[in-house]
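As structure tokens, the structure follows; a few thoughts come after it.
The values are calculated or read from the model by the stated rules, or taken from the named source; none is laboratory data. These numbers were taken from a predicted model, which means no experiment stands behind them. Every residue, glycine as well, gets a Cβ built from its backbone with ideal geometry; the counts of neighbours run over all protein chains shown.
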Amino acid sequence: MQRKSNMFPARISRVRSKFPDYKIDSLLFFNMNNIRYLSGYTGSDGALIIDGKNAVLLVDGRYITQAKQEAADMEIIQYQDKIKGVLQSIKKQNLRYIGFESDFVTVQFYNHLLQELHGEILRPLGNELRLIRAYKDKTEVLLMKKAAEISSAAIFSVISEIKTGCSEKDLALQLEMIARQEGADQIAFETIVAFGENSALPHATPTGRKIKKGDFIVIDFGVKYKGYCSDETCTFIFQEITEEQKRAYQLVKKAYDQGIGAVAAGVAAADVDHLTRNTFGDKYEKYFSHGTGHGVGLEVHEAPRLNTVSPDILEEQMVVTIEPGLYFPGRWGIRIEDTVLVKKNSCEKLTKMDKGLIIIE
């Protein structure tokens, strides 16, 4: 049973403080990560209605016992039909201006609500809710530090498994096994292990391709611990390195250092991206094909976003990644990534692997 905690009322209070801005008197949640964040309930289906005084969690019969255990301080209502359950709660709570997560409601569900609601007004909210989980409290940070500790330890341990004859799939399996043994609940995303030409694919899928002398090895790995994610990327070289590869790695490391050094409260996320990206100059910028970073929490990719068009401003207690890379199609790629906690004037690394160049003999 989940321990009684005041963190959920505090989170709900922050949501309520936004009601005047959104011109609503209540907010309807269907995103299960947001519901978990606001209630502690970890089931895979349900709805949450927050108004000015109450917070009501709606679940079906499969989850009623779990909901009562995990969200013990919240009113729990069991429904047989989800739409009918939501409508009944709206009527019971006398709600008038109801905000809802537009990204998590189907057209069919929305139309059904409209047909049954007469005096009530539905207000779709999308971008307004992006940063709802961006601030990480002390409990969240501790869980993320533990997740990072587990995943970093797994990456460090697997280095000794990188030998002639090793395949990408072999290494990915070893990583996931070690992480489970270290206490991970599950992996946070599909593990990326890529050798040689496959390392030029930012989201490569492990294959049977075996390692060769002179290969770059990109490992992008993360785990979940009590719901919270880690995310870290390391690039190693196998047995020998050319001057061209060494220069490229040093350039990515320089971009990474610039990005890490720029992270602080009050800094525009787009400015961190620009500073990191500009390190590559006109010659290499075209080989950096994604944003500099993203938020991490209950999901491995969440707000804020660190890219060229991001509107976000970094704040204390946000957790983000810094992950510049260079990708040369058909040849090789390099990416370095750490997850960091934003501080007032700097940041704290949560992931642990050294990002200096490591040559595996």
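Answer yes or no as to whether T276 is assigned by TED's automatic domain parsing to the domain that holds I187, buried (at least 16 other Cβ atoms within 10 Å of the Cβ) and of a type in the set (S, T, Y). Judged against the criteria, T276 is a match. In the set (1) at pLDDT below 95; (2) in contact with a strand residue (DSSP E or B) (Cβ under 6 Å, 6 or more places away or on another chain); (3) of a type outside the set (A, V, I, L, M), K53 fails one condition alone, (2). Tell me, please, whether a residue that is part of a strand (DSSP E or B), touching a Pro at 6+ places or on another chain (Cβ under 9 Å) and under 29 Å from M177 (Cα atoms) can be found in the stretch 225-233. The answer is no; no qualifying residue exists. Here is the figure for the stretch 286-325: residues that are surrounded by 14 or more Cβ atoms within 10 Å (Cβ to Cβ) and more than 22 Å from the chain's Cα centre (by Cα) total 1. Across the stretch 140-147, a minimum of one residue is classified as small (G, A, S) and surrounded by 20 or more Cβ atoms within 10 Å (Cβ to Cβ). Screening A194 with (1) surrounded by fewer than 24 Cβ atoms within 10 Å (Cβ to Cβ); (2) part of a strand (DSSP E or B) gives one miss only, at (1).
If you go through the stretch 288-301 and pick out every residue that is without any contact (Cβ under 8 Å) to a residue 60 or more places away in the chain and small (G, A, S), you end up with 2.
Can you pull out every residue in the stretch 55-96 that is within 29 Å of the chain's Cα centre (by Cα) and either of a type in the set (G, A, S) or part of a loop (DSSP other than H, G, I, E, B) (or both)? Result: A55, D60, R62, Y63, A67, A71, A72, D73, M74.
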